[in-house]
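Asks: Please read through the structure below; I'll follow up with questions.
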Amino acid sequence: MSETVLRAGAPVRPVALAEVEQPAVRLTHVSKWFDTAGRRQTVLDDISLTVGRGEFVCVLGASGCGKSTLLNLVAGLDRPSTGAIEVTGGRRPALMFQDHALFPWLTAGRNIELALRLRGVPRRERPEEARRLLELVRLKDAYGKRIHELSGGMRQRVALARALAQEGDVLLMDEPFAALDAITRDVLHEELTRIWSENKLSVVFVTHNVREAVRLGERVVLLSSRPGRIAREWTDSDLPEAALTARVTDALREEIRRHGRR
Amino acid sequence: MAAGETVATRKGVREVRDSADVEAGLDALDSAPVGPARTPLRQILRERVLPPVAAVVLVLLAWQAAYEAELKPDYLLPSPADVWRALSDQWYEGTLFSTVWTSMQRGALGFAAAVVIGTGLGLLLGAVRSLRVGIGPVLSGLQSLPSVAWVPAAVVWFGLTDATIYAVILLGAVPSIANGLLAGVDQVPPLYLRAGRVLGATGPARVRHVLLPAALPGYLAGLKQGWAFSWRSLMAAELIASSPELGLGLGQLLENARSYQDMALVLATIGEILVVGIAVDLLLFAPLERRVLRAGLAGVRG
Ligand SMILES: Nc1ncnc2c1ncn2[C@@H]1O[C@H](COP(=O)(O)OP(=O)(O)OP(=O)(O)O)[C@@H](O)[C@H]1O
Ligand SMILES: [Mg+2]
């Protein structure tokens with residue numbers, strides 16, 4: 001069990017050389033603040049994080065600690081106040097939102113085809129590719145369906161297929177399963193694990209659910225709140241899932257408790 | 001890899017339960033039952049067609065009764081049959097179609113130009129904050145200015161030409177369309193814009209694939225109002241700026257009929273103007289609105 005309290009920029013664990021040379025995502029001393037009504041609120045403070053190629057990293061943190069802000073920065077939807085973010089691979093990272101964000105004026109298939117089109121896939125190849133992606137998330141019958149005809153779980157699978165259509169090396173996921181019931185979430189965890197391992201994706205998965213983070217992540221990064229800093233991280237271990245979950249839960253609680261004491 | 005096989009995970013090799021089956025079951029449970037059954041034709045006739053037809057019949061009956069009671073002399077209040085005769089005379093002279101066609105052509109062309117300009121203006125104002133602050137209120141003000149008010153000015157500027165007619169149509173319709181689009185853009189959930197950016201929709205692709213479709217409910221309302229204003233402005237322009245050099249449209253016909261004191265023709269022409277307005281609404285805008293509604297855009301998000 002390697003549990004490390006992090007100093008910014010410090011190597012977390014012995015990583016393979018190839019990974020050091022070409023990580024999928026590298027954040028160096030990234031901070032983000034918002035100036036609202038004359039007051040400066042620092043949301044992210046000096047975050048340094050490296051995501052290796054093909055790695056599955058879960059970022060865990062309490063509500064409002066800046067998880068979405070972090071993903072928005074990596075996705076290029078917003079700029080860091082200071083620090084640098086590098087995403088290798090050329091293609092922009094795909095981002096899956098908590099709220100599926102599928103376009104309701106298009107069918108499920110067309111949503112995916114739009115992503116393909118914006119990626120520059122020729123028109124003739126799009127329908128076939130869209131069907132292949134829907135099959136990947138086991139939804140081949142959903143091609144002609146309107147979004148409102150699909151259940152929450154199905155929508156998230158279509159959203160995953162649309163994100164995969166971007167063919168970025170990096171997939172960012174912002175609590176994509178938070179609104180789903182436990183059974184559906186369970187199934188989607190398996191689905192995601194399968195797709196991740198088959199497609200050699202680098203995933204940054206944000207959640208406030210410890211069990212989900214421990215279950216999915218090869219590495220779990222705990223963010224503190226106000227400001228969001230990397231508090232700790234856990235890498236792959238031989239510890240049983242339940243025991244690791246308990247540990248991470250304790251750490252998260254400790255983080256939250258600190259705010260009560262202040 | 002098929003379901004039920006093993007997948008390497010952080011915990012080493014783990015059995016994946018046969019998740020495909022579970023998933024299929026969940027999907028079946030979750031899916032909405034197959035769409036609502038089609039309304040039978042008889043019900044459509046009874047609920048949608050019968051009431052308006054009955055209303056028209058009632059109006060005709062009341063009109064006929066007023067005529068027979070001789071409330072007014074018949075050169076002031078012709079009977080429905082007189083009006084019908086005026087219509088059929090027009091038909092046999094071959095002027096009915098050409099007159100309606102002249103006006104509709106002008107209306108369509110003017111409206112199309114208004115759509116192009118109004119859309120461009122709406123997008124521009126939506127994108128540039130300072131322009132919007134400056135021009136937005138003027139645009140809203142123009143929207144409530146009856147476009148008839150422009151006719152005298154247009155006649156002075158352009159004389160009795162088609163340019164006058166089109167100028168009045170544009171001044172009537174462009175503000176509605178631009179404002180409708182702005183309202184639509186304001187209502188676009190920011191999530192769609194961000195999703196579009198993540199997918200790489202920038203510049204014209206963003207407008208075409210995300211902004212316009214997402215703003216469609218408001219935009220469509222603006223277009224509909226824009227058409228109504230186009231048609232009204234056209235009639236006002238034709239009525240006032242009537243001259244032999246301009247082709248004979250419905251407005252001019254109305255003005256001619258008035259000068260001949262031909263009340264039956266006046267009423268027949270009003271009927272034609274009304275029918276064109278209703279027909280465009282029913283045949284063009286109603287289906288569009290239904291489609292937008294079906295896309296789950298109006299109100300019911302997600
Ligand atoms: N554009 C913005 N302007 C001002 N403040 C913002 C902005 N975006 C986020 N914040 C603030 O940053 C903090 C973190 O927000 P963020 O959405 O990143 O949290 P989160 O960890 O994703 O929370 P949740 O678990 O609820 O999704 C919040 O306090 C929020 O008020
Ligand atoms: Mg969030």
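The values are calculated or read from the model by the stated rules, or taken from the named source; none is laboratory data. A quick note: this is a predicted structure, and the numbers were derived from the prediction, not measured. Every residue, glycine as well, gets a Cβ built from its backbone with ideal geometry; the counts of neighbours run over all protein chains shown. All accessible areas refer to the heavy atoms of the entire protein, side chains included, with ligands and DNA or RNA removed. Shrake-Rupley method; radii C 1.70, N 1.55, O 1.52, S 1.80 Å.
Asks: Considering each of A:ASN72, A:ASN111 in turn, give the residue that is modelled with pLDDT of 90 or more and in the same structural domain as A:SER224 (by TED's automatic domain parsing).
Replies: Details: A:ASN111 fails: in the same structural domain as A:SER224 (by TED's automatic domain parsing).
Being modelled with pLDDT of 90 or more and in the same structural domain as A:SER224 (by TED's automatic domain parsing) holds for just one of A:ASN72, A:ASN111, which is A:ASN72.
Asks: Another one. On the basis of being in a helix (DSSP H, G or I), out of contact with any Pro (no Cβ under 6 Å at 6 or more places or on another chain) and more than 10 Å from chain B (Cβ to nearest Cβ), does A:THR28 make the cut?
Replies: The answer is no for A:THR28.
Asks: Specify the residue that is farthest from A:GLY76 (Cα to Cα); the eligible residues are those in region A:144-197 that are surrounded by fewer than 17 Cβ atoms within 10 Å (Cβ to Cβ) and aliphatic (A, V, I, L, M).
Replies: A:ILE183
Asks: Out of all the residues in region A:193-202, which are over 22 Å from A:GLY90 (Cβ atoms) and without any contact (Cβ under 8 Å) to a residue 12 or more places away in the chain? Steps first, please.
Replies: Taking region A:193-202 as the starting set, the residues that turn out to be over 22 Å from A:GLY90 (Cβ atoms) are A:193-194, A:197.
A:ARG194, A:SER197, listed by residue number.
Asks: Do you know which residues across region A:206-220 are away from ligand 1 (no atom under 13 Å from the Cβ) and closer than 20 Å to A:GLU86 by Cα?
Replies: Scanning region A:206-220 gives a single hit, A:ARG219.
Asks: Let me ask something else. Return the only residue of A:LEU71, A:LEU77 being within 11 Å of chain B (Cβ to nearest Cβ), within 16 Å of ligand 2 (Cβ to nearest atom) and either over 10 Å from the mean Cα position of the chain (by Cα) or hydroxyl-bearing (Ser, Thr, Tyr) (or both). Write out each step before concluding.
Replies: Details: A:LEU71 fails: either over 10 Å from the mean Cα position of the chain (by Cα) or hydroxyl-bearing (Ser, Thr, Tyr) (or both).
Going through A:LEU71, A:LEU77 in turn, just one is within 11 Å of chain B (Cβ to nearest Cβ), within 16 Å of ligand 2 (Cβ to nearest atom) and either over 10 Å from the mean Cα position of the chain (by Cα) or hydroxyl-bearing (Ser, Thr, Tyr) (or both): A:LEU77.
Asks: Now, a different point. Mind checking which helices (runs of 4 or more DSSP H) fall wholly inside region B:113-220 and carry at least 1 residues that are touching a Phe, Trp or Tyr at 6+ places or on another chain (Cβ under 7 Å), under 30 Å from A:ALA165 (Cα atoms) and open to solvent by less than 60 Å² (accessible area, probe 1.4 Å)?
Replies: On the way: elements: B:129-144, B:150-158, B:162-186, B:190-199, B:203-206.
Ranges flagged: B:162-186, B:190-199.
Asks: Can you tell me which residues in region A:198-209 are more than 16 Å from ligand 2 (Cβ to nearest atom) and open to solvent by 10 Å² or more (accessible area, probe 1.4 Å)? Lay out the reasoning, then the answer.
Replies: Looking only at region A:198-209, we keep the residues that are more than 16 Å from ligand 2 (Cβ to nearest atom), and these are A:198-203.
Result: A:GLU198, A:ASN199, A:LYS200, A:LEU201.
Asks: Here is a follow-up. Against the definition (touching a strand residue (DSSP E or B) at 6+ places or on another chain (Cβ under 8 Å), within 10 Å of ligand 1 (Cβ to nearest atom) and within 14 Å of chain B (Cβ to nearest Cβ)), how does A:LEU44 come out, yes or no? Reasoning before the result, please.
Replies: On the way: touching a strand residue (DSSP E or B) at 6+ places or on another chain (Cβ under 8 Å): yes; within 10 Å of ligand 1 (Cβ to nearest atom): yes; within 14 Å of chain B (Cβ to nearest Cβ): no.
Considered against the rule, which asks whether it is touching a strand residue (DSSP E or B) at 6+ places or on another chain (Cβ under 8 Å), within 10 Å of ligand 1 (Cβ to nearest atom) and within 14 Å of chain B (Cβ to nearest Cβ), A:LEU44 comes out as no.
Asks: Does region A:122-138 hold any residues that are open to solvent by 10 Å² or more (accessible area, probe 1.4 Å) and within 12 Å of chain B (Cβ to nearest Cβ), and which are they?
Replies: So in region A:122-138, the residues open to solvent by 10 Å² or more (accessible area, probe 1.4 Å) come out as A:122-129, A:131-132, A:135-136, A:138.
Correct list: A:GLU135, A:LEU136, A:ARG138.
Asks: Among the residues of region A:156-167, write down those that are at the interface with chain B (Cβ under 8 Å from one of its Cβ atoms) and either touching a Gly at 6+ places or on another chain (Cβ under 8 Å) or assigned to a loop (DSSP other than H, G, I, E, B) (or both).
Replies: If the condition is that a residue be at the interface with chain B (Cβ under 8 Å from one of its Cβ atoms) and either touching a Gly at 6+ places or on another chain (Cβ under 8 Å) or assigned to a loop (DSSP other than H, G, I, E, B) (or both), then A:GLN166 is the only one that fits.
Asks: Go through region A:80-91 and report how many residues are at pLDDT 85 or above and within 14 Å of chain B (Cβ to nearest Cβ).
Replies: The qualifying residues number 1.
Asks: May I pose another question? Restricting to region A:216-262, name every residue that is in contact with a strand residue (DSSP E or B) (Cβ under 8 Å, 6 or more places away or on another chain) and of a type in the set (A, V, I, L, M).
Replies: A:LEU216, A:VAL220, A:VAL221, A:LEU222, A:LEU223, A:ILE230, A:ALA231, A:LEU244, A:VAL248, A:ALA251, A:LEU252
Asks: Spot the failing condition for A:VAL121; the list is (1) closer than 30 Å to A:GLY64 by Cβ; (2) assigned to a loop (DSSP other than H, G, I, E, B), and only one is missed.
Replies: (1)
Asks: Taking interchain pairs and intrachain pairs at least six residues apart, which have beta carbon atoms under 9 angstrom, with the first residue in region A:168-192 and touching a residue at least 40 places away in the same chain (Cβ under 8 Å) and at the interface with chain B (Cβ under 10 Å from one of its Cβ atoms) and the second in a loop (DSSP other than H, G, I, E, B) and hydrophobic (A, V, I, L, M, F, W, C)?
Replies: Every condition considered, the pairs that remain are A:GLY168/A:LEU201; A:GLU191/A:VAL137.
Asks: Looking only at region A:223-255, which residues are of a type outside the set (Ser, Thr, Tyr), surrounded by 15 or more Cβ atoms within 10 Å (Cβ to Cβ) and away from chain B (no Cβ under 14 Å)?
Replies: A:LEU223, A:ARG226, A:PRO227, A:GLY228, A:ARG229, A:ILE230, A:ALA231, A:ARG232, A:ARG247, A:ALA251, A:LEU252, A:GLU255
Asks: All but one of (1) part of a strand (DSSP E or B); (2) within 30 Å of B:LEU288 (Cα to Cα) hold for A:GLU113; which doesn't?
Replies: Among (1) part of a strand (DSSP E or B); (2) within 30 Å of B:LEU288 (Cα to Cα), the lone unmet condition for A:GLU113 is (1).
Asks: Another question, then. Take the residues of region B:253-296 that are assigned to a helix (DSSP H, G or I) and of a type in the set (Ser, Thr, Tyr): which is nearest to the chain's Cα centre (by Cα)?
Replies: Ranking the candidates gives B:THR269 first.
Asks: Does A:ALA62 count as open to solvent by less than 10 Å² (accessible area, probe 1.4 Å) and either facing another protein chain (nearest Cβ under 9 Å) or part of a loop (DSSP other than H, G, I, E, B) (or both)?
Replies: Values: open to solvent by less than 10 Å² (accessible area, probe 1.4 Å): no; either facing another protein chain (nearest Cβ under 9 Å) or part of a loop (DSSP other than H, G, I, E, B) (or both): yes.
For A:ALA62, the condition - open to solvent by less than 10 Å² (accessible area, probe 1.4 Å) and either facing another protein chain (nearest Cβ under 9 Å) or part of a loop (DSSP other than H, G, I, E, B) (or both) - is not met.
Condition check ((1) away from ligand 2 (no atom under 16 Å from the Cβ); (2) under 22 Å from the mean Cα position of the chain (by Cα)) across all residues:
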| site | (1), (2) |
| --- | --- |
| A:LEU49 | yes, yes |
| A:ARG53 | yes, yes |
| A:ALA62 | no, yes |
| A:ARG110 | yes, no |
| A:LEU133 | yes, yes |
